[in-house]
Amino acid sequence: MSLFCCPICGAPLRRTEHTYRCPAGHSYDIAREGYTHLLPANRKHSKMPGDDKGMAHARRAFLDKGYYRPLRDALCELSAAMTGDRPRVLDSGCGEGYYTAGIHDALVGAGKAPEMAGIDISKSILRLAAKRPQPIEYAVASSYHLPVADDSIELLINCFSPLALEEFCRVLVPGGHFLYVVPSAQHLWEMKEVLYDHPYPNEVKETPYEGFRYLTIRHVEAVIRLQTQEDIHALFQMTPYYWKTPRDGKARLSALDTLDTTISFDIHAYQRI
């Protein structure tokens with residue numbers, strides 16, 4: 001069986017070599033790369049939602065160079081501490097699978113036997129995620145309509161992705177854990193000093209959510225050295241600043257060959273009540 005359920009009728013899906021199929025006969029092809037499409041047409045808000053092909057490849061190249069390794073290591077440590085021997089894990093907004101794959105390997109390294117799945121709205125980025133060697137299921141789907149059964153997930157990961165709290169609460173087992181990653185106050189501060197005349201720190205707050213118990217906030221911070229303009233631009237593309245920075249700020253960033261900048265994250269850990 002699969003961690004996924006049918007997005008039309010909600011029944012469990014069974015994976016075969018080339019398809020996912022539910023008892024009612026609804027069928028979903030598995031792409032050559034290994035992912036499937038579980039986003040009904042009436043839930044798509046654009047022809048090609050999410051990151052395009054160019055942005056997906058830039059993100060993959062950047063992350064695979066290890067710039068965000070401190071964040072991945074922290075997520076791996078927390079995931080191992082918050083799961084049992086055979087955890088069912090969902091990465092909502094998994095992107096190209098950097099954190100998903102790292103968590104899988106960490107759980108296996110801790111002697112566990114995880115079942116894992118990742119969803120993202122971008123078909124382009126899932127093509128890259130599904131090429132990773134770990135046995136993880138990937139599907140094009142919306143965080144607001146997760147193709148996952150009620151009370152079926154032990155650990156849910158959400159890194160910089162839409163916060164669909166009702167869905168997260170629905171799919172988590174009682175007592176299950178939710179890790180929510182957001183930028184902290186000084187994240188990319190030196191890059192912002194190049195982009196803007198008057199940068200300001202990110203807002204940091206501790207927010208309780210109905211249906212969840214707050215456990216802790218794990219702070220992760222380091223300074224990274226970007227050694228090529230290609231890497232500087234790839235990181236820039238991964239941020240919301242890419243869409244709202246004035247032309248002169250973009251020009252200043254494009255003129256740099258190297259950049260030392262702070263990476264700073266908060267991992268908010270919750271438990272479903």
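The values are calculated or read from the model by the stated rules, or taken from the named source; none is laboratory data. Computed from a prediction, not measured in an experiment: that's the story for all the values here. Every residue, glycine as well, gets a Cβ built from its backbone with ideal geometry; the counts of neighbours run over all protein chains shown.
Between a residue in region 175-192 that is under 18 Å from GLU210 (Cα atoms) and any residue that is part of a strand (DSSP E or B) and acidic (Asp, Glu), which pairs come within a Cβ distance under 6 Å, given they are 6 or more apart or on different chains?
GLY176/GLU154
Report the residue count in region 34-61 for those that are surrounded by 11 or more Cβ atoms within 10 Å (Cβ to Cβ) and either within 20 Å of HIS145 (Cα to Cα) or modelled with pLDDT of 95 or more (or both).
Going residue by residue through region 34-61, those that are surrounded by 11 or more Cβ atoms within 10 Å (Cβ to Cβ) are 34-40, 43-44, 48-53, 55-61.
Still in the list and also either within 20 Å of HIS145 (Cα to Cα) or modelled with pLDDT of 95 or more (or both): 34-40, 43-44, 48-51.
Total meeting the criteria: 13.
Restricting attention to region 102-143, which residues are of a type outside the set (A, V, I, L, M), within 15 Å of ALA31 (Cβ to Cβ) and touching a Gly at 6+ places or on another chain (Cβ under 8 Å)?
The first filter runs over region 102-143 and keeps only residues of a type outside the set (A, V, I, L, M), leaving 102, 104-105, 109, 111-112, 114-115, 118, 120, 122-124, 127, 131-135, 137-138, 142-143.
Filter once more, keeping what is within 15 Å of ALA31 (Cβ to Cβ): 118, 120, 122-124, 127, 131-132, 137-138.
Within region 102-143, GLY118, ASP120, SER122, LYS123, SER124, LYS131, ARG132, GLU137, TYR138 qualify.
Would you confirm, using the coordinates I've provided, whether LEU128 is buried (at least 21 other Cβ atoms within 10 Å of the Cβ) and either modelled with pLDDT of 95 or more or not in a strand (DSSP E or B) (or both)?
Working: buried (at least 21 other Cβ atoms within 10 Å of the Cβ): yes; either modelled with pLDDT of 95 or more or not in a strand (DSSP E or B) (or both): yes.
Yes.
Do we find a residue being touching a Lys or Arg at 6+ places or on another chain (Cβ under 6 Å), of a type in the set (Val, Ile, Thr) and either under 21 Å from GLY10 (Cβ atoms) or at pLDDT 95 or above (or both) anywhere in region 131-144? If you could, list the steps in order and put the result at the bottom.
The first filter runs over region 131-144 and keeps only residues touching a Lys or Arg at 6+ places or on another chain (Cβ under 6 Å), leaving 140, 142.
Next cut, of a type in the set (Val, Ile, Thr) only: 140.
Within this subset, residues satisfying the condition of being either under 21 Å from GLY10 (Cβ atoms) or at pLDDT 95 or above (or both) are 140.
Yes, region 131-144 contains at least one residue that is touching a Lys or Arg at 6+ places or on another chain (Cβ under 6 Å), of a type in the set (Val, Ile, Thr) and either under 21 Å from GLY10 (Cβ atoms) or at pLDDT 95 or above (or both).
Pick out the one residue from PHE236, PHE168 that is surrounded by 13 or more Cβ atoms within 10 Å (Cβ to Cβ) and in contact (Cβ under 8 Å) with a residue 60 or more places away in the chain. Lay out the reasoning, then the answer.
On the way: PHE236 fails: in contact (Cβ under 8 Å) with a residue 60 or more places away in the chain.
Every option except PHE168 fails the conditions.
Of all residues in region 254-267, how many are surrounded by fewer than 20 Cβ atoms within 10 Å (Cβ to Cβ) and in contact (Cβ under 8 Å) with a residue 12 or more places away in the chain?
Residues of region 254-267 that are surrounded by fewer than 20 Cβ atoms within 10 Å (Cβ to Cβ), as a first pass: 254-258, 260, 262.
Subset that is in contact (Cβ under 8 Å) with a residue 12 or more places away in the chain: 254, 256-258, 260, 262.
Of the residues in that region, 6 qualify.
So is MET116 at pLDDT 95 or above and crowded, with 20+ Cβ neighbours inside 10 Å or not?
Working: at pLDDT 95 or above: yes; crowded, with 20+ Cβ neighbours inside 10 Å: yes.
Yes; evaluated as a whole, the condition is true for this residue.
Only one of (1) surrounded by fewer than 19 Cβ atoms within 10 Å (Cβ to Cβ); (2) aliphatic (A, V, I, L, M); (3) under 18 Å from TYR68 (Cβ atoms) is not met by ILE103, so which one is it?
So ILE103 meets the others, but not (1).
Residues in region 142-181 that are of a type in the set (A, V, I, L, M, F, W, C) and touching a helix residue (DSSP H, G or I) at 6+ places or on another chain (Cβ under 9 Å): how many?
So the count comes out to 11.
If the Cβ limit is 8 Å and pairs must be 6+ apart or interchain, which residue in region 1-17 that is within 13 Å of GLU137 (Cβ to Cβ) pairs with which residue that is modelled with pLDDT of 95 or more and aromatic (Phe, Trp, Tyr)?
Correct list of pairs: SER2/TYR20; PHE4/TYR20; LEU13/PHE4; LEU13/TYR20; LEU13/TYR28; ARG14/TYR20.
Could you please find all residues in region 174-195 being surrounded by fewer than 16 Cβ atoms within 10 Å (Cβ to Cβ) and in contact with a Pro (Cβ under 8 Å, 6 or more places away or on another chain)?
ALA185, GLU193 - these are the residues of region 174-195 that are surrounded by fewer than 16 Cβ atoms within 10 Å (Cβ to Cβ) and in contact with a Pro (Cβ under 8 Å, 6 or more places away or on another chain).
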